[in-house]
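Taking it in order: structure first as structure tokens, then the write-up.
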Amino acid sequence: MTTASIQKEEPALSVDPETAVFLPNGGKSEHMLVNISDKRIAVRCSDNSLFRVSPVYMFIEPGSCVNLVITRLPGPIKSDKLVFHYFACEPNDSEPKEVFKINSQKLPEMLKMPINIISADDVPKVKIT
């Protein structure tokens, strides 16, 4: 019996910077979502009770990027993550939310982004001269 090796495809989506860091009192973090594939993709961000993401749904053209703003509400110090779900889609798709409805029976590709909450004591001190 022969077994064929299954090659995992490279992810079509990347995020820069790869991690978000917040203080317990909340704040904002700006990132770039980059489509590193040759296909248009529809993206949505997972829901989280402590985070707000803008935009939640988006299209990203091949080789392009979209600004992403993550806002964290005040909350406990803990590690967390955001999950970005995405599907390849057609150039004539007009609403990213509809792409997810149409593909509701399929598993989307996923990209996980770590989020770290640090105490004020862990923030490096800057000496102003």
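Structure data summary
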quantity: Meets criteria (exposed (fewer than 15 other Cβ atoms within 10 Å of the Cβ) and modelled with pLDDT of 95 or more) for VAL99; calculated: no
quantity: Some residue of the range 13-33 being more than 23 Å from ILE118 (Cβ to Cβ) and more than 12 Å from the chain's Cα centre (by Cα); calculated: no
quantity: LEU68 vs. criteria surrounded by 16 or more Cβ atoms within 10 Å (Cβ to Cβ) and modelled with pLDDT under 95; calculated: no
quantity: Filtered residue count, the range 1-47, keeping only those that are of a type in the set (A, V, I, L, M), surrounded by 15 or more Cβ atoms within 10 Å (Cβ to Cβ) and at pLDDT below 95; calculated: 4
quantity: Neighbours by Cβ (under 7 Å, 6+ apart or cross-chain): first from the range 2-30, among the acidic types (Asp, Glu) and assigned to a loop (DSSP other than H, G, I, E, B); second at pLDDT below 75 and surrounded by 10 or more Cβ atoms within 10 Å (Cβ to Cβ); calculated: none
quantity: Residue within the range 77-87 that is of a type outside the set (Ser, Thr, Tyr), surrounded by 12 or more Cβ atoms within 10 Å (Cβ to Cβ), modelled with pLDDT of 95 or more and farther than 29 Å from ASN25 by Cα present; calculated: yes
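The values are calculated or read from the model by the stated rules, or taken from the named source; none is laboratory data. What you see is a predicted model; the values in this text were computed from it and never measured. With ideal geometry, Cβ positions are generated from the backbone for all residues, glycine too; neighbour counts draw on all protein chains shown.
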